[in-house]
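Written below as C-alpha cells is the structure these notes are about.
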Amino acid sequence: MNITEVVTYTIAPRNRRREELSFCNVLFCLLVLFIHISAEPVEGYARDSVLYFLAVGFWRLASFVVQGYFFLSGVRLFLSGRQETAGAFYLGRCRRVVLPYVVVFCLFALYFHLNGTASFTPAELLVQFLNGKICGHFYYVILICQFYLLLPLWQRIIRKTNIFLGLLTSLMIMLMSKVYMPELIGFLTGQDFADNGLLFTSYLFYFIAGTYCGLYYDRFRIFLDRYRRSLLFTWLGLGAVNWIFFWLRSRGVYWASWLELFHVLYCMYAVLACLSLGYLWREKKVFRTSLFRAADKWSYHVYLLHPLVIFMGNSLFRHLGLSSLSLRFLLRTVLVYGVMTGFVWLLGKLPSGKYPGSRLTAHRLGIGTKKK
C-alpha cells in the first residue's frame, strides 16, 4: 500500500486567521530587510563612533527574526486543523517553497553572470542550489526543507514526548551542535566541516518550541496574554545587555564569550514578546487592510527577492559615486522598502492562485493549502 494512503498530517486550516502570527510574520520580514540594509554601515562605521554604536545595537537587537521564523513555522505546522496526506504535504511544500526558490535562484545566478560578479559551471550551480551559498539568505530555505523532510520524526516526538523533556533535549542538542558538530562530522568524514549553519540542528530548539506551542495553542495564547508585561520588560532588559556587550566585543574591549548563549535566551524572549504584542493588538484595523494582508501573504517572496534590490542599489550608488555610508544607508532603506512595498501591493492585486506558491507566507510554511 502506498504511504500517501495511510499517513496523514494535521495541518492548520487556512481560513482561520490568527492575527498575532500575521503580525510577527510581517514584522520579522521588515526586520530581515533592515538587517541586510544596515549591513554596510555596521561594517563600515568607525568602531568608536556614535553612529556605529547605534547601528550595531539595532542590528543586534533585530537578529532574532530567523529564529522567530523557525518558531512560527513550528507553531503553524502543529496547529489543530484538517488532515493532509504525506504525499500532498510534500508536493505542496515543493510547489510553494521549493519552486519559488528555484525561480529566484535562477534570477540571482543570471544577475551575477550579467554583472560579471561570478560565473558558474552547471555542476557549481547545482552545488550552489543545494547549499544556498549563491546568496547568504538562502540558507533559510535549505534549513526549512530539512525540517520538512523530517516531519514524520517531529510528529512522533512532539506527540509522544513530555514537553519539558522535549524542550530540554532540543535545547541541549542545539547548543552542543553549535560547538561540537563540526568536530564530530570531521571525525566521521576525515574532512573539515565549516557549514554548521546549514544543519537544522543549529535552530532545533526554536522549531521544537514552536511545535509544542502550536499543539497547545489555546493555552499558549493565554500564556501570552497573562505574562505580557513580564515578557516585554524581560525582552527590553535582555536587549540592553545584548546591545552593550555585543558593542564591547565588536570593539575588542571585552570578548564576552558567553554572549552567544545569552543570545539564545534573548531570541526566545524577543519572539514571545512580539507574539504577545500581536495578540494584544489583534483587533487593530491595520491587520485587516489589503496591504497588510498582502505583506503577510507574500512575505516569503519578499524574503527571497530583497537582496537583489540591495545589490542593484549598491551598484547604482557606486555608479553615482556616492561614498557617504549614512547617505547610502538612507537611500538604500528608501529604495528597498519602497520597491518591496510596491512588489507586495502589485502581487496583492493578483487573483488568488495565479502565481505558483501564492498561498505561501513565511509563517505559514507548515500550512497545507490544498483544497479538499
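Quick notes on this one:
- Computed E for Thr117/His319 - FRET, C-beta separation, R0 25 angstrom, nearest 0.05: 0.95
- Each residue of the stretch 315-329 is assigned a 3J(HN,Hα), and the resulting list reads 5, 5, 4, 5, 5, 7, x, 7, 10, 5, 4, 5, 5, 4, 5 Hz, derived from the Karplus form 6.51 cos²θ - 1.76 cosθ + 1.60 (θ = phi - 60°), x at Gly and Pro.
- Summarising the amide proton neighbourhood of Ile134: residues at separation of 5 or more, or on other chains, whose placed amide H is nearer than 5 Å comprise an empty set.
- For the stretch 161-250: rounded, prolate or oblate by the Cα gyration tensor [a/c cutoff 1.5]: oblate
- Rounded if a/c under 1.5, otherwise prolate or oblate - the stretch 195-302, Cα gyration tensor axes: prolate
- Accessible area of Met312 in the full protein assembly, 1.4 Å probe (Å², nearest 10): 100 Å²
- Under-5 Å amide H pairs with Glu84, H placed in peptide plane, nonlocal only: Tyr9, Thr10, Ile11
- Remark: the chain carries 49 Å² of accessible area per residue (probe radius 1.4 Å; ligands, DNA and RNA excluded).
- Spatially near lysine pairs across the chain, Cα under 16 Å, sequence gap of 8 or more or different chains: 5
- Farthest positive-ward along the stretch 131-260 dipole, Cα basis, beta-carbon charges - from Leu184, Met174, Ile208: Ile208
- Computed E for Val103/Ile173 - FRET, C-beta separation, R0 30 angstrom, nearest 0.05: 0.35
- In this simple spin-label approximation, Trp281 and Gln191 carry label points 7 Å from Cα along the Cα→Cβ vector, and these lie 4.7 nm apart.
- The stretch 128-191 and the stretch 232-308 have Cα centres spaced 22 Å apart.
- Heavy-atom accessible area with a 1.4 Å probe sorts Trp345, Trp258, largest first, into Trp345, Trp258.
- Two-site label geometry, Leu110 and Leu261: point separation in nm, points 7 Å out along Cα→Cβ: 4.9 nm
- Both radii are taken from the alpha-carbon atoms of the chain; with Rh as the Kirkwood radius, Rg/Rh is 0.95.
- What you get for the chain, charging only the Cβ of Lys and Arg (+1) and of Asp and Glu (-1), is a dipole of about 1660 debye around the Cα centre.
- Here the accessible area is traced with a 1.4 Å probe on the protein chains. For the stretch 186-247, carbon and sulfur cover 62 percent of it.
- Karplus (6.51, -1.76, 1.60) ³J(HN,Hα), θ = phi - 60°, over the stretch 296-301, in Hz, Gly and Pro reported as x: 5, 6, 9, 4, 4, 5
- Treating r as the C-beta distance of Ser230 and Thr161 and R0 as 22 Å, the FRET efficiency rounds to 0.25.
- Gained length - Val127 relative to Val334, 0.36 nm times residue gap less alpha-carbon distance: 71.1 nm
The values are calculated or read from the model by the stated rules, or taken from the named source; none is laboratory data. All values derive from a computational prediction rather than experimental measurement. Please note: Cβ atoms are built from the backbone with ideal geometry, for glycine as well, and neighbour counts cover all protein chains shown. These area figures cover heavy atoms from the full protein model, side chains too; ligands, DNA and RNA do not enter into them. Shrake-Rupley method; radii C 1.70, N 1.55, O 1.52, S 1.80 Å.
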